[in-house]
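Just below is one structure, and these are the notes that go with it.
The values are calculated or read from the model by the stated rules, or taken from the named source; none is laboratory data. Keep in mind that what you see is a predicted model, and the values were worked out from it rather than measured. Quick reminder, even Gly has a Cβ in these numbers, built from the backbone with ideal geometry, and neighbours come from all protein chains shown.
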Amino acid sequence: MIKNLLMLFVVTILLSGCATLNEKPDPFVGQWKFQFSNLRQGDPNAILAISKEAGVYSGTITNSNGEYGLTDLLIEAGNSLTANFQYQGYSVAFNAQFDGNTISGQSNVNNRTFSFAGERMEQ
């Protein structure tokens, strides 16, 4: 009986390992380094970090001033992301498009639009 249980355990481990081999990594999950352009204070860099748990995406944007949690994060067909975050008392709309390992888009705050572009960071 112990031998049968041990064999069942080994088969279960092997099958669960094979299932994960066929899964493709989520193309949006990870860290994306990008640079804003045409801001008054220069062209600052930032990092977009996206994770996914139980089928739900979450994310943050980090720059030299701190880390900002994304709200209303939605990744839509066609590889586009929309989200919002609070920055220095302002509500910022964040819109990005993914193309393989590159990211580009616009950020809108207080009726001003700022473009950005970047790429996936190696993990």
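Cβ separations smaller than 8 Å between residues 6+ apart or across chains give the following pairs from region 55-83 residues that are more than 17 Å from Phe36 (Cα to Cα) to residues that are of a type in the set (A, V, I, L, M, F, W, C) and surrounded by fewer than 11 Cβ atoms within 10 Å (Cβ to Cβ): Tyr57/Leu74. Considering region 83-123, the qualifying strands (runs of 3 or more DSSP E), each wholly inside and each with 2 or more residues that are under 15 Å from Thr60 (Cα atoms), at pLDDT 95 or above and not polar (S, T, N, Q), run over 90-99.
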